[in-house]
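The values are calculated or read from the model by the stated rules, or taken from the named source; none is laboratory data. This one's a predicted model, so the numbers in the text were calculated from it and none came from an experiment. So basically every Cβ, Gly included, is an ideal-geometry build from the backbone, and we count neighbours across all protein chains shown. For the accessible areas, the whole protein counts, side chains as well, though only heavy atoms, and no ligand, DNA or RNA atoms are used. Shrake-Rupley method; radii C 1.70, N 1.55, O 1.52, S 1.80 Å.
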2 protein chains.
Amino acid sequence: MTSSPPSERTRVKRAHERAAYDRAALDAVLDAGMLCHVGYMFDGYPVVTPTLYWREGDAIYWHGSSASRALRASEDLDVCLTVTHLDGLVLARSAFHHSANYRSAMLFGTARLVNGDEDKLARLEAMMEGLYPGRWSSLRPVSAQELKATKILWMPIDEASVKIRTGEPVDDTEDMAAPVWAGAMPFRLAFDPPVPDAVTQEAARATPPVTGRLTRS
Amino acid sequence: MTSSPPSERTRVKRAHERAAYDRAALDAVLDAGMLCHVGYMFDGYPVVTPTLYWREGDAIYWHGSSASRALRASEDLDVCLTVTHLDGLVLARSAFHHSANYRSAMLFGTARLVNGDEDKLARLEAMMEGLYPGRWSSLRPVSAQELKATKILWMPIDEASVKIRTGEPVDDTEDMAAPVWAGAMPFRLAFDPPVPDAVTQEAARATPPVTGRLTRS
């Protein structure tokens, strides 16, 4: 991959041949996921909080309760937002060359609050439509109180790196004759059938498709 | 769950009914995973690095290249190590009550280096045996150079919290008659058949079982 890092702190130091800095690679990793880990400083020590995220154009968003300590502690401050897909394990002919296949994105920036009820509603709709296309319009409107109880943070996507490993083990030449199985053990996120709650089941409502951006490729 | 937080920073503030602080709950979350996100300070800003981890008794370990910036930047410093299993999405009758099912563990502490070749080898063996029981003894010994090129960090498991959400949506009573599907969409990590590399395939070696601690329940 040919692009260059947008800043020194995004430069991938180890295994830099696995690094990318272009938006297409980044968007592919981000749009394939839902869960990120946000790192921020709180009271002088680092904290890493898992949360759902979504991307709209050149911005990444995450949200939670207005009372959330993690959101309050991130607002207007430096954060690092990391998304990782663990795609498998790699079994080599030596312990040393065992590895993992993965796609990960690391974004740096300053977390900012989404202000204004209209903006907040538009962001929530985008999050919902990304996961469950068509669902937003089937739900009652979000109340003023609910909107007030919801905080959305965002960060521009302009300082990021991607690191990807795929494929087979890379063994030392002198180990190639070793009588051990070598290759990759692939994983993936599997979607089990949706489980309706009791009221939904009684009403025999149509099961929603397991779809949205996660199942698009 | 009945235990209490070991420190103020581990106290779960939001949805505290989903929190646990006992070792059994913590070990269950840790032992079901491989991937963690480690947060640390580097040059004054937070960084979140994904890496594999393993648990041995009261300690958690992670490792990498001796040249790794992430490991060098964590050594003898405060880190936060977070493990998250995203178990599904929860579709409620209002946008507000949509949620996710998950199990997560957050550990705080000071990262310490594993010193001494014997200790390092024992830790690497434990990692390997956890993922691939029986494999370690089938591989050639780790060389002195490989051991030197490998750095292992560890942290005692004594300041941690667990947060878990399971099951159905929790809707407002006045929304229960809404004509929408409500329930949970469960995910899981699926293991696809192992893929041997070309040399392994030619030798027709027996496929290793997809096993180890991840498939024990």
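What the table below lists for this structure:
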| read-out | value |
| --- | --- |
| Residues of region B:104-124 satisfying the condition of being within 12 Å of B:Tyr61 (Cα to Cα) and within 8 Å of chain A (Cβ to nearest Cβ) | B:Leu124 |
| Qualifying positions in region B:176-205 - facing chain A (nearest Cβ under 7 Å) and among the charged types (D, E, K, R) | B:Arg188, B:Asp192, B:Asp197, B:Arg205 |
| Restricting region B:33-66 to residues that are of a type in the set (D, E, K, R) and in contact with a strand residue (DSSP E or B) (Cβ under 9 Å, 6 or more places away or on another chain), the residue that is farthest from the other protein chains (Cβ to nearest Cβ) | B:Asp58 |
| Single condition A:Tyr53 does not satisfy, out of (1) under 23 Å from B:Met185 (Cβ atoms); (2) surrounded by fewer than 17 Cβ atoms within 10 Å (Cβ to Cβ) | (2) |
| Residue count, region A:2-30 (criterion: aliphatic (A, V, I, L, M) and surrounded by fewer than 14 Cβ atoms within 10 Å (Cβ to Cβ)) | 2 |
| Pair list, Cβ < 7 Å and 6+ apart or interchain, from region B:54-69 residues that are touching a residue at least 12 places away in the same chain (Cβ under 8 Å) to residues that are open to solvent by 40 Å² or more (accessible area, probe 1.4 Å) and assigned to a strand (DSSP E or B) | B:Asp58/B:Pro156; B:Ala59/B:Trp154; B:Ala59/B:Pro156; B:Ile60/B:Trp154; B:Tyr61/B:Trp154 |
| Candidates A:Pro208, A:Pro141 - the one that is within 30 Å of B:Glu168 (Cβ to Cβ), more than 7 Å from chain B (Cβ to nearest Cβ) and in a loop (DSSP other than H, G, I, E, B) | A:Pro141 |
| Hits in region A:87-129 (condition: open to solvent by less than 30 Å² (accessible area, probe 1.4 Å), more than 22 Å from the chain's Cα centre (by Cα) and of a type outside the set (Ser, Thr, Tyr)) | A:Val90, A:Leu91, A:Ala92, A:Arg93, A:Ala95 |
| Matching residues, region A:67-86, being more than 7 Å from chain B (Cβ to nearest Cβ), of a type in the set (Ser, Thr, Tyr) and either surrounded by fewer than 19 Cβ atoms within 10 Å (Cβ to Cβ) or within 17 Å of the chain's Cα centre (by Cα) (or both) | none |
